[in-house]
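A.B. asks: A single structure is presented below for examination.
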Amino acid sequence: MTRQRGFTLLELVIALAIFAVLGLASWGLFDSVLRVQQGTAAHERALRSLQRAMAVIERDLLHVTAQPVVLAGPLLQFQRSHWRNPLDQPRSERQMLSYRLDGGVLWRESQGEGTEFVQRQKLLEDVRELGWRLFDSQSGWVAHWPAGQDAKAPMALEVQVSVGRFESIRRVLPMPGALP
């Protein structure tokens, strides 16, 4: 009798079953890695957006003028100087800035001194809550800072925001009067 070479049907079925189980496990692992990567990318985009908005606010505060700061609820308004003029146009270097929450979006509105044009910039989306407070050495932290107040300029600004996947972010930014 001659012996035949090759695999039996049972051996082939077992091999196919093992490869199928390995394939399903690999697909499950690959799918979970992709989901984690997408979640991480979304978290990174949200964090980068929040950092960019805070950097814009901080940059504006570094150039705040001695003009009064208005703080009333979700509205913060002040005047800043050193407004960039890359085209060297004849205009003032002072800008009136307003930060306001409107429909879950934090807007930055700027208006050059002596102009009618108001420029709106969307800083943050999906804002659930926004709070501003100013610090004065005499009054401490206050949530309302009326226009025309004869007291010294505030020393710091506190921004507390709930946006997207971040429940509550608090940032304290020094004002130029507090810097040495």
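A.B. asks: Evaluated at 4 °C with a viscosity of 1.567 mPa s, what Stokes-Einstein diffusion coefficient in µm²/s does the chain have when Rh comes from the Kirkwood expression over alpha-carbon pairs?
C.D. replies: 63
A.B. asks: Quote to one decimal, in nm, the extra length available between V13 and E58 on full extension: 0.36 nm per residue of separation minus the C-alpha distance between them.
C.D. replies: 9.5 nm
A.B. asks: Averaging sequence separations of C-alpha pairs under 8 Å and six or more residues apart, then dividing by the length of the chain, give the relative contact order as a whole percent.
C.D. replies: Taking the mean separation of contacting Cα pairs over the length of the chain, I get 16 percent.
A.B. asks: By average Cβ neighbour count within 10 Å, what is the ranking of 131-137, 119-125 from highest down?
C.D. replies: Descending mean neighbour count gives 131-137, 119-125.
A.B. asks: Under 12 Å from the Cβ of A41, count the other residues' Cβ atoms, weight Lys and Arg +1, Asp and Glu -1, and hand me the total.
C.D. replies: Every neighbour counted, the sum reads +2.
A.B. asks: Give, rounded to the nearest 20 debye, the magnitude of the charge dipole that the chain has about its Cα centre when Lys and Arg contribute +1 at Cβ and Asp and Glu contribute -1 at Cβ.
C.D. replies: 540
A.B. asks: Nearest 10 degrees is fine. How inclined is helix 9-62 to the longest principal axis of the chain, computing both from alpha carbons?
C.D. replies: 10
A.B. asks: Mind ordering 73-79, 99-105 by average Cβ neighbours within 10 Å, highest first?
C.D. replies: 73-79, 99-105
Values quoted throughout were computed directly from the atomic coordinates according to the rules given, and no laboratory measurement underlies them. Just so it is clear, the structure is predicted and the values come from calculations on it, not from any experiment. Methodologically, a virtual Cβ is constructed for each residue, glycine included, from the backbone with ideal geometry; neighbour enumeration extends over all protein chains shown.
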